[in-house]
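Below is one structure, written out as structure tokens; the observations come after it.
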Amino acid sequence: MSQITTKHNYSQIKVSVIVPTIGRPTLEETLKSVLSQTYSNIEIIVTDDNSNGVAYEIVKKFNTNKIKYVKNKKYKKGPSGNKNNGLDYMTGDYFTFIDDDDLLVPESIKTFVDIASLGYDVVIANCLNSLTGTFTGISPGKDIEFTYEDFLRGFLDGEYIIFSKSSLVGNERFYDDCWGGEHLLWWKILKKMKKGYYIDKPLRIYNVQTPDRVTFQMEKYPERQMLSYYYTIIEFGADLLNISPNKQFIRYLLRGIYFSKLANDTKMLKFFRKSIDKVPNISLKILSLIYYFIVKYSSKTNLIKFNSFLYKILIPKIKAWFKQI
């Protein structure tokens, strides 16, 4: 970013910071981090997915008109539906999300606005893992422009904080019937954007120690996780096959098979089985079929153990093989 000189009036760009919450006590620190931003033209939308009143009491403490408190009454309860509710209320030129247990670094929004004002539709930055102190997303090692294709081929992958033009989302919303499918909306936005920019530094502190994060509940609600992979293949399967047929397409395919089995959904299992036929690499197609049959005929208990073994031991070896393809 050092080579970029910004020239704009800060007051011209209004930013909506959407904070989906379930009333966790960490919400207070999250809001403090947003209110402490060095950029001032911000509206904060706290969208509450819980009816116990805890979040509202936390918001009242701040006594500021910068925060708009709204309840999620329109969408299905869950992370995606709650974020959709926040999107309905935003009025900013650009928007971003921060969960109610994460923190923004003080210069986050200013940094985003500096870059966006140069003509970028979407700006992303890495996040800092609160436990390990490492990046949560893949890092190219420098600030760079990026494309929609960079995400589909896995060049950029992982947990980032995304700052997008509000006009790009339009009436599109997250699927509120699935979990772990947030990428579906972001990919739609990235596909429409003209220019994107990646900032190679953490602008959000990502709290990985909260036990009720969606990441830790995937196997608890397999049917909702399964749908995210189904929608991925339905909406982006053709692009994945064109851009990354031997890596990303298979990745979403195999995860769909796994969660279909956990959800005991034979119809979905058949869908993902048929999708294997589209894999162009014969060796990878055979491996995918082997995985499918192992999953299909495993008990749920053995399946979870097998999947853990697969991703801790076999996947690193497979990734090394991919580099040679």
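The values are calculated or read from the model by the stated rules, or taken from the named source; none is laboratory data. Being a predicted model, the structure only gives us computed values, none of them experimental. So basically every Cβ, Gly included, is an ideal-geometry build from the backbone, and we count neighbours across all protein chains shown.
Quick notes on this structure:
- Identity of the residue in the stretch 85-106, in a loop (DSSP other than H, G, I, E, B) and aliphatic (A, V, I, L, M), that ends up nearest to THR26 (Cα to Cα): ILE98
The rows are residues; the columns are (1) of a type in the set (Asp, Glu); (2) at pLDDT 95 or above; (3) assigned by TED's automatic domain parsing to the domain that holds VAL17.
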residue: PHE151; (1), (2), (3): no, yes, yes
residue: LEU156; (1), (2), (3): no, yes, yes
residue: ILE162; (1), (2), (3): no, yes, yes
residue: LYS165; (1), (2), (3): no, yes, yes
residue: GLY170; (1), (2), (3): no, no, yes
residue: ASP177; (1), (2), (3): yes, no, yes
residue: TRP186; (1), (2), (3): no, yes, yes
residue: ILE189; (1), (2), (3): no, yes, yes
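This table checks each residue for (1) under 30 Å from GLY119 (Cα atoms); (2) small (Gly, Ala, Ser); (3) modelled with pLDDT of 95 or more; (4) surrounded by fewer than 16 Cβ atoms within 10 Å (Cβ to Cβ).
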site	(1), (2), (3), (4)
MET1	yes, no, no, yes
ILE4	yes, no, no, yes
HIS8	yes, no, no, yes
VAL17	yes, no, yes, no
THR38	yes, no, yes, yes
ILE45	yes, no, yes, no
ILE58	no, no, yes, no
LYS73	no, no, no, yes
TYR94	yes, no, yes, no
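This table checks each residue for (1) assigned to a loop (DSSP other than H, G, I, E, B); (2) of a type outside the set (S, T, N, Q); (3) in contact (Cβ under 8 Å) with a residue 60 or more places away in the chain; (4) more than 22 Å from GLN225 (Cβ to Cβ).
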| position | (1), (2), (3), (4) |
| --- | --- |
| SER80 | no, no, yes, no |
| LYS83 | no, yes, yes, no |
| THR111 | no, no, yes, yes |
| GLY133 | yes, yes, no, yes |
| GLU145 | no, yes, no, yes |
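- Being closer than 30 Å to SER51 by Cα, among the hydroxyl-bearing types (Ser, Thr, Tyr) and surrounded by fewer than 18 Cβ atoms within 10 Å (Cβ to Cβ) is a property that SER80 lacks.
- Residues of the stretch 173-213 satisfying the condition of being surrounded by fewer than 21 Cβ atoms within 10 Å (Cβ to Cβ), of a type in the set (Asp, Glu) and touching a helix residue (DSSP H, G or I) at 6+ places or on another chain (Cβ under 7 Å): ASP177, GLU182
- Annotation: of all residues in the stretch 160-172 being surrounded by fewer than 18 Cβ atoms within 10 Å (Cβ to Cβ) and either among the small types (Gly, Ala, Ser) or in contact with a Gly (Cβ under 8 Å, 6 or more places away or on another chain) (or both), the one that is farthest from LYS73 (Cα to Cα) is SER167.
- Qualifying position, being part of a helix (DSSP H, G or I) and either on the phi > 0 side of the Ramachandran plot or in contact (Cβ under 8 Å) with a residue 12 or more places away in the chain (or both), among ILE115, ILE124: ILE115
- For GLY53: the one exception among (1) touching a Gly at 6+ places or on another chain (Cβ under 7 Å); (2) surrounded by fewer than 22 Cβ atoms within 10 Å (Cβ to Cβ); (3) farther than 20 Å from TYR160 by Cβ: (1)
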